[in-house]
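Peer 1: One structure is given below, represented as structure tokens, and several questions about it will come after.
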Amino acid sequence: MASAVWLLFHTFLLSFSLTTDFLLFCNADPTDGFVPLPLSDENFNIQRPYDVPLVDRYSFVYGVHRMWVYSSDKPFEVGNPTLPRTEIRFMDLDYSSGIWQFEGHTFVPNGTTGTSIMQIHRAKGEKPATELILTVYNGELRFYFDQQVEPNIYNRWVRVNVIHDADANKVSTFINGVKKQEADGKGPSHFYFKCGVYGQVNESNYMESRWRDIKIYKKETYNNGGRL
């Protein structure tokens with residue numbers, strides 16, 4: 001009798017342990033195993049239409065970066081043929097290898113469409129120019145133009161995590177901690193992160209995105225038991 005009770009108890013403990021491990025695995029955060037890198041004002045370079053003051057297209061109040069642009073605006077520099085943008089270009093955090101991650105909470109007001117809100121950019125002059133673009137079209141967050149990443153994006157804060165494994169040539173996107181997209185990258189290059197608004201196709205007259213709690217991480221790697 002005692003052995004039967006012990007067997008039942010042992011089976012219960014094993015089942016509980018497996019269930020707990022499964023739940024812990026399911027609840028893993030995309031930033032697990034990553035190290036946050038220090039960010040200062042110098043890392044935030046704001047690109048905006050070249051003929052307007054910064055305060056006319058960007059604000060930073062109570063920890064929220066608010067960026068907006070009009071489809072009729074000028075590009076960010078004289079002679080540049082690209083469409084209008086107001087974006088944060090993260091400086092001194094460029095990379096060509098390793099596993100990197102961008103994290104931020106974003107809010108897109110109703111009506112903003114046809115715009116990029118986050119990018120992994122490749123080296124200047126390369127084709128294609130980007131490794132990843134998250135765009136907003138008609139209330140959906142998309143990977144480039146077609147693949148839906150998150151529906152009903154308007155008027156709510158959403159946590160966005162983008163992981164780029166430059167060594168394995170993979171990019172993936174998590175929304176509120178859940179993986180929603182994964183794709184092959186476009187090969188070796190020199191990469192950097194951007195976020196904000198940048199007109200793409202069939203853009204609305206007015207485009208805006210807000211970002212808070214922005215972080216950039218790098219994956220810890222180990223060699224023979226030591227950190228690289």
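Peer 1: Taking only the range 96-118 into account, find how many residues are in a strand (DSSP E or B), buried (at least 19 other Cβ atoms within 10 Å of the Cβ) and not hydrophobic (A, V, I, L, M, F, W, C). If you could, list the steps in order and put the result at the bottom.
Peer 2: Applying the first criterion (in a strand (DSSP E or B)) to the range 96-118 yields 99-108, 115-118.
In the following step, the residues that additionally are buried (at least 19 other Cβ atoms within 10 Å of the Cβ) were identified as 99-104, 106, 108, 115-118.
Then drop every residue that is not not hydrophobic (A, V, I, L, M, F, W, C), which leaves 101, 103-104, 106, 115-116.
Qualifying residue count, the range 96-118: 6.
Every residue, every condition in (1) surrounded by fewer than 21 Cβ atoms within 10 Å (Cβ to Cβ); (2) of a type in the set (S, T, N, Q), yes or no:
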site: VAL162; (1), (2): no, no
site: SER172; (1), (2): yes, yes
site: VAL178; (1), (2): yes, no
site: GLU182; (1), (2): yes, no
site: GLY185; (1), (2): yes, no
site: VAL201; (1), (2): yes, no
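Peer 1: Follow-up. Looking at the range 96-147, which of its residues are touching a His at 6+ places or on another chain (Cβ under 8 Å) and among the polar types (S, T, N, Q)?
Peer 2: Across the range 96-147, the qualifying residues are SER96, GLN101, THR130.
Peer 1: Which is in contact with a His (Cβ under 9 Å, 6 or more places away or on another chain), under 23 Å from GLY114 (Cβ atoms), at pLDDT 95 or above and not in a loop (DSSP other than H, G, I, E, B), of VAL171, VAL162, VAL197?
Peer 2: VAL171
Peer 1: Only one of (1) more than 20 Å from LEU132 (Cβ to Cβ); (2) surrounded by 10 or more Cβ atoms within 10 Å (Cβ to Cβ); (3) modelled with pLDDT of 95 or more; (4) not acidic (Asp, Glu) is not met by ARG85, so which one is it?
Peer 2: Status for ARG85: all satisfied but (1).
Peer 1: What is the number of the single condition among (1) modelled with pLDDT of 95 or more; (2) at positive phi that ILE46 does not meet?
Peer 2: Among (1) modelled with pLDDT of 95 or more; (2) at positive phi, ILE46 violates only (2).
Peer 1: Please go through the range 158-177 and give me each residue that is among the small types (Gly, Ala, Ser) and within 24 Å of PRO109 (Cα to Cα), ordered by number.
Peer 2: GLY177
Peer 1: Considering only residues of the range 132-160 that are open to solvent by less than 50 Å² (accessible area, probe 1.4 Å) and touching a Phe, Trp or Tyr at 6+ places or on another chain (Cβ under 6 Å), which is farthest from ASP184 (Cα to Cα)?
Peer 2: GLY139
Peer 1: Can you tell me which residue in the range 69-82 is modelled with the highest pLDDT, limited to those that are of a type in the set (Val, Ile, Thr) and open to solvent by less than 60 Å² (accessible area, probe 1.4 Å)?
Peer 2: Filtering the range 69-82 for residues that are of a type in the set (Val, Ile, Thr) and open to solvent by less than 60 Å² (accessible area, probe 1.4 Å), the one modelled with the highest pLDDT comes out as VAL69.
Peer 1: Something else about it: Restricting to the range 75-122, and then to whatever is within 15 Å of the chain's Cα centre (by Cα) and among the aromatic types (Phe, Trp, Tyr), can you tell me which residue is farthest from PHE143 (Cα to Cα)?
Peer 2: It comes out as PHE90.
Peer 1: Can you pull out the residues in the range 72-90 that are of a type in the set (A, V, I, L, M), in contact (Cβ under 8 Å) with a residue 60 or more places away in the chain and in a loop (DSSP other than H, G, I, E, B)?
Peer 2: LEU83
The values are calculated or read from the model by the stated rules, or taken from the named source; none is laboratory data. For clarity, every value in this text was computed on a predicted model and none was experimentally measured. For neighbour counting, all protein chains shown are included, and Cβ atoms are generated from backbone atoms with ideal geometry for every residue, glycine included. The protein model used for the area step is the full one, side chains on, heavy atoms only, and it has no ligands, DNA or RNA in it. Shrake-Rupley method; radii C 1.70, N 1.55, O 1.52, S 1.80 Å.
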